[in-house]
1. For a 27 Å ceiling on Cα separation, which of these pairs sit above it: Lys21/Lys177; Lys21/Lys81; Lys21/Lys54; Lys21/Lys166; Lys83/Lys133; Lys19/Lys133?
2. Could you tell me how many degrees, from 0 to 90 and to the nearest 10, lie between the Cα long axis of helix 49-73 and the main elongation axis, the longest principal axis, of the Cα atoms of the chain?
3. If you stretched the chain out fully between Ser152 and Asn95, how much longer would it get, using 0.36 nm times the residue separation minus the C-alpha to C-alpha distance?
4. Could you tell me which trypsin sites (Lys or Arg not before Pro) in the stretch 95-177 are loop residues by DSSP with no more than 12 other beta carbons within 10 angstrom of their beta carbon?
5. What ranking of Trp163, Trp107 emerges when the number of other C-beta atoms within 10 Å of each C-beta is taken as an exposure proxy, fewest first?
6. Quick query: amide H of Ile141 versus all other amide H atoms, modeled in the peptide plane; which residues come in under 5 Å with a sequence gap of 5 or more or a different chain?
7. Take Glu9 and Asp126, extend 7 Å from each Cα along the Cα→Cβ direction, and tell me the distance between the two endpoints in nm.
8. Would you mind ranking Met28, Met108 so that the residue whose beta carbon has the fewest other beta carbons within 10 Å leads the list?
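Bear in mind that the values in this text are calculations on the coordinates, not laboratory data. Source: prediction; values computed, not measured. With ideal geometry, Cβ positions are generated from the backbone for all residues, glycine too; neighbour counts draw on all protein chains shown.
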Amino acid sequence: MKAETRKQEIILTAAKLFKEKGYSAVTMRDLAAAMGIKAASLYNHIDSKQDILKEIIIAIAEAFTSGMATIRVSEQDAVNKLKEIIALHVEITANNTFGMASLNNDWMHLEEQLEYYLELRHNYEDNFRDIIKEGIADSDIIDENPDTIMFSILTTLRSLYLWIPKKEDLNPDELAKSLSRLLISGIRNN
């Protein structure tokens with residue numbers, strides 16, 4: 001098995017264990033046992049459990065940041081940008097439910113990368129809020145508190161990792177469209 005492939009396997013297995021038990025409860029021995037290898041062998045591919053957590057969370061946070069940057073500069077109106085944000089969340093979550101569990105539940109355990117992660121998160125939320133404000137200014141979105149609107153939408157999107165794995169016949173595109181109809185209809189100014 002190639003080193004990079006083995007490293008990816010370690011990261012995926014760790015993400016699954018982190019989702020099941022929580023980052024703090026998982027040991028390197030647990031990870032090695034889940035992979036059917038000796039704990040010492042893990043260190044041929046990774047430096048520490050902290051590095052695994054960093055790989056999981058930062059990769060996802062950067063994917064959200066990159067997606068948001070593309071959405072933010074598009075020529076679409078605010079409502080369509082929000083639909084794109086919903087689709088971004090569905091896509092990333094559908095492709096990485098275990099990693100999303102770590103992003104939502106274990107981010108506070110990041111050590112050296114905590115500040116960087118928080119910066120990515122704050123920038124993402126600032127961009128999200130700015131899109132909502134644009135929609136309010138253009139009278140496309142109801143004139144309510146942008147933080148409340150953002151919180152309402154993000155609460156649903158951040159919990160998708162719990163729900164998506166239970167849906168075997170899930171079509172991410174259909175889910176994104178359905179969520180857009182439900183989440184945006186309440187904030188649209190008709």
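1. Lys21/Lys177; Lys21/Lys81; Lys19/Lys133
2. Compared with the principal axis, the helix lies near 20 degrees.
3. 18.2 nm
4. Lys167
5. So the residues, fewest neighbours to most, are Trp163, Trp107.
6. Ile136, Asn189
7. 4.2
8. Met108, Met28
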